[in-house]
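The values are calculated or read from the model by the stated rules, or taken from the named source; none is laboratory data. No experiment lies behind these values; they were computed from the predicted model shown. Cβ sites come from the backbone with ideal geometry, for glycine too, and all protein chains shown count toward neighbours.
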Amino acid sequence: MTTGTNHSDSIKGKFFGGKGTLQEESLPSTKVLRRFLKHPGALVGSIVLGGLILAVLLGSLSPYSPVNSNIVERLQPPSLRHLMGTDALGRDLLTRILFGGRISLTVGLLVVAITLAIGVTVGAVSGYAGGWIDNVLMRITDASLTLPSLLVLILLSTILREVEMPFFEKNNVLTISIVIGLLSWMTFARLVRAAFLTLREMDYVTAARSLGASHSRVVLVHILPNAIGPIIVESTLQLGYAIIEESGLSFLGFGIQQPIPSWGNLLSNAQENFVHYPWLAIFPGLMIFLAIISVNYIGDGLRDAFDPYKVLVKIGEV
Amino acid sequence: MVQFILRRLIQAAFIMFLLSVLFFALVNLVPGGPLAGYGGGRHMPPEQAAILRRQLGLDNPLPLQYVVWMFGNDWMNVKTNATTSGTGNGIRLGILRGDFGFSYHTRQPVLTVIGERIPNTLYLMGVTLLVALVIAIPAGILSAVRQYSFFDISVTTFSFAGQAIPDFWLGLILIIVFYAWLKNPITGDSLLPAGGILTIGVPFSVLDALQHLILPVATGALGWIAWYSRFLRSSMLDVIHQDYLRTARAKGLSQQAVIFKHALRNALIPLVTLFALDLPYIFSGAVFIETIFAWPGMGRLYYQAAQQRDYPVLLAVLIIGASMIILSNLLADVFYAFLDPRIRYS
């Protein structure tokens, strides 16, 4: 994680000195896209993730109900009728996985939105304002990083299970997303702060300021767009992280509650009889694995696409 | 340096104070109060609940409760009997002196409950991390030295996959394969046990202990192997591109001397910090692995305490866990300065 910067630092000098192609740094988005598509892992990852999302959206076409039980068909192994078998209540596992995927992916996207909102704000204010504001915000960030996050997540959801409020009842999608989001914005804050620290010293920012641009305009129009690369990369990784957090929490029984399926609580449900009916454990976990690995590959591809130095190192030009 | 450590210690103490207030407030803000889970959540007659609240001091204002929880009440005048009006010094010592109260579930002192579990977690996580490092460090070095070789590509691919496999899923899969499917050819029993530290009712044997270790360690280690081999690979690649390594080669040093004496030493330094930063994930790994493999450690204790809403235990594990993380971060910073003389704290 930390080595990335060192690495580019060490070769930056050679790169600028040797070729002098500074414009490589300000690539138009088409070039980023072209480089992204050249990354085989990222391409396969995008296809797999796209397929997963499509399948999840088409889940309603399934002839089976994701919630209603059908005791006659309980614990059927995978067959043509039930491609992934059925669970202890006779519900079609594939249907439940598709509906569970909606929940898991929604939580993932919501967490990304929440962490972006908190992290980018904290990071931008911290990096742009500097001084004691920076100091206070960064100490809060450091303190949050030292939290044993899973333990706190479990505590929070134990408590929230007792709370009855509109919108937040019984650990629903929104509650779980907020809880996870509150515990994972710190990487964004640090990333954005670091970007702002360098960017605010740039001449064009001084120029914009002296032309009378307000602070908010400078931050939103001049600095933030230039920090977009790392933010996008981190967002994809955050998506994978959020999916794994939600499924872990639901696996332990503290996340999304039955009968609403999520990939995590399907695995949790399987725990009672997965030894004799292994498909109950194999398929939901496989979905989590596929989602995470494709998201990670996409993140990797995006990082290479946004960071020309690294690509050059890979090709062996530096 | 001393000044730096002192400043960090004060900072750490302040953060711990804030966290303790936060955790304490959270637990006491639960609807129904912290007693909601007392006695397995059975309904309690209101009079009895009132007596219990007075006994546990839960009828005091929250700030006072916090002070008692933190510093004890043996130095202040409190009501000693829940029903009569007698007063005297309290008996609680407060968490600063190691008194975390009593578990609502087992009625044992929390510290005793935790004390029984800590060695099991240290044992499991220690072996897991040891196995992970023993595999990841050579793999990472070789991968970096032979960049883009078949070996390197395999390691990189594996580490990508390894990081994407949730440990709670891997644990279930390993149980399916090694407990349900594969059988010992001689006895016909399952090849490996699906849980526990030792077989109950059988005299202790090293073989038995090892058999119980294999699956939980494999489950826990895979992710760490993936993460550390990947990290060490990029750390080594960083170092390999440095000028002083070219100098070392130009001096005519052998490849081995260059890699092990010059490159590896420097590549390992970031691992120290990484290790400290990873402690929270070691905790969460312990929760999953101990729950799946019925391993009587801290992680499973926390999981059970959360299910039973045993708040004194939850609070104690959180406070101890957070202190360990903060302390290890501090140690890593100090240690880092010893390892890398280029770093000076001002």
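Evaluation of B:Tyr228 against the conditions (1) assigned to a loop (DSSP other than H, G, I, E, B); (2) within 14 Å of another protein chain (Cβ to nearest Cβ) shows that the sole unmet condition is (1).
Looking across A:Leu150, A:Leu160, one residue alone is within 12 Å of another protein chain (Cβ to nearest Cβ), more than 21 Å from A:Tyr241 (Cα to Cα) and buried (at least 21 other Cβ atoms within 10 Å of the Cβ). It is A:Leu160.
Are there helices (runs of 4 or more DSSP H) fully within the stretch B:264-312 with at least 1 residues that are closer than 24 Å to B:Ser103 by Cα? List them.
On the way: elements: B:265-277, B:279-292, B:298-308.
Fully inside the stretch B:264-312 and qualifying: B:279-292, B:298-308.
When the criteria are applied in full, B:Ala136 fails the requirement of being part of a helix (DSSP H, G or I) and within 14 Å of chain A (Cβ to nearest Cβ). Quick check on B:Ile197: is it more than 10 Å from chain A (Cβ to nearest Cβ) and loosely packed, with under 12 Cβ neighbours inside 10 Å? No, not satisfied. Restricting B:Leu64, B:Leu52, B:Leu58, B:Leu96 to those that are assigned to a loop (DSSP other than H, G, I, E, B), among the hydrophobic types (A, V, I, L, M, F, W, C) and either within 30 Å of the chain's Cα centre (by Cα) or at pLDDT 75 or above (or both) reduces the list to B:Leu58. Going residue by residue through the stretch B:282-297, is there one that turns out to be within 30 Å of B:Gly196 (Cα to Cα), surrounded by fewer than 17 Cβ atoms within 10 Å (Cβ to Cβ) and either modelled with pLDDT under 85 or among the small types (Gly, Ala, Ser) (or both)? Scanning the stretch B:282-297 turns up at least one residue that is within 30 Å of B:Gly196 (Cα to Cα), surrounded by fewer than 17 Cβ atoms within 10 Å (Cβ to Cβ) and either modelled with pLDDT under 85 or among the small types (Gly, Ala, Ser) (or both). For the stretch A:123-143, filtering for residues that are in contact with a Phe, Trp or Tyr (Cβ under 8 Å, 6 or more places away or on another chain) and within 13 Å of A:Phe188 (Cα to Cα) leaves 4.
In the stretch B:4-33, what count of residues is obtained for those that are more than 9 Å from chain A (Cβ to nearest Cβ), touching a residue at least 12 places away in the same chain (Cβ under 8 Å) and out of contact with any Ser or Thr (no Cβ under 9 Å at 6 or more places or on another chain)? Within the stretch B:4-33, residues that are more than 9 Å from chain A (Cβ to nearest Cβ), touching a residue at least 12 places away in the same chain (Cβ under 8 Å) and out of contact with any Ser or Thr (no Cβ under 9 Å at 6 or more places or on another chain) number 9.
Considering only residues in the stretch B:158-178 that are within 10 Å of another protein chain (Cβ to nearest Cβ) and out of contact with any Gly (no Cβ under 9 Å at 6 or more places or on another chain), the one that is farthest from A:Glu272 (Cα to Cα) turns out to be B:Ala161. Does B:Thr128 satisfy being under 24 Å from the mean Cα position of the chain (by Cα), buried (at least 19 other Cβ atoms within 10 Å of the Cβ) and over 13 Å from B:Ile225 (Cα atoms)? Criteria not met by B:Thr128. Only one of the numbered conditions (1) under 27 Å from A:Val67 (Cβ atoms); (2) of a type in the set (Val, Ile, Thr); (3) within 14 Å of chain B (Cβ to nearest Cβ); (4) assigned to a helix (DSSP H, G or I) is not met by A:Ile140, and that is (1).
Of all residues in the stretch B:267-279, none satisfies being touching a Lys or Arg at 6+ places or on another chain (Cβ under 6 Å), farther than 30 Å from B:Phe14 by Cβ and more than 9 Å from every other protein chain (Cβ to nearest Cβ). Restricting attention to the stretch B:146-167, the residues that are closer than 23 Å to B:Phe275 by Cβ and either under 23 Å from the mean Cα position of the chain (by Cα) or of a type in the set (Val, Ile, Thr) (or both) add up to 9. Just a yes or no: is a residue in the stretch A:282-297 over 19 Å from A:Ser79 (Cα atoms), more than 10 Å from chain B (Cβ to nearest Cβ), surrounded by 24 or more Cβ atoms within 10 Å (Cβ to Cβ) and in contact with a Leu (Cβ under 7 Å, 6 or more places away or on another chain)? Within the stretch A:282-297, none of the residues are over 19 Å from A:Ser79 (Cα atoms), more than 10 Å from chain B (Cβ to nearest Cβ), surrounded by 24 or more Cβ atoms within 10 Å (Cβ to Cβ) and in contact with a Leu (Cβ under 7 Å, 6 or more places away or on another chain). Every test in (1) farther than 26 Å from A:Ile293 by Cβ; (2) within 14 Å of chain B (Cβ to nearest Cβ); (3) at pLDDT below 80 is passed by A:Pro77 save one, and that test is (3).
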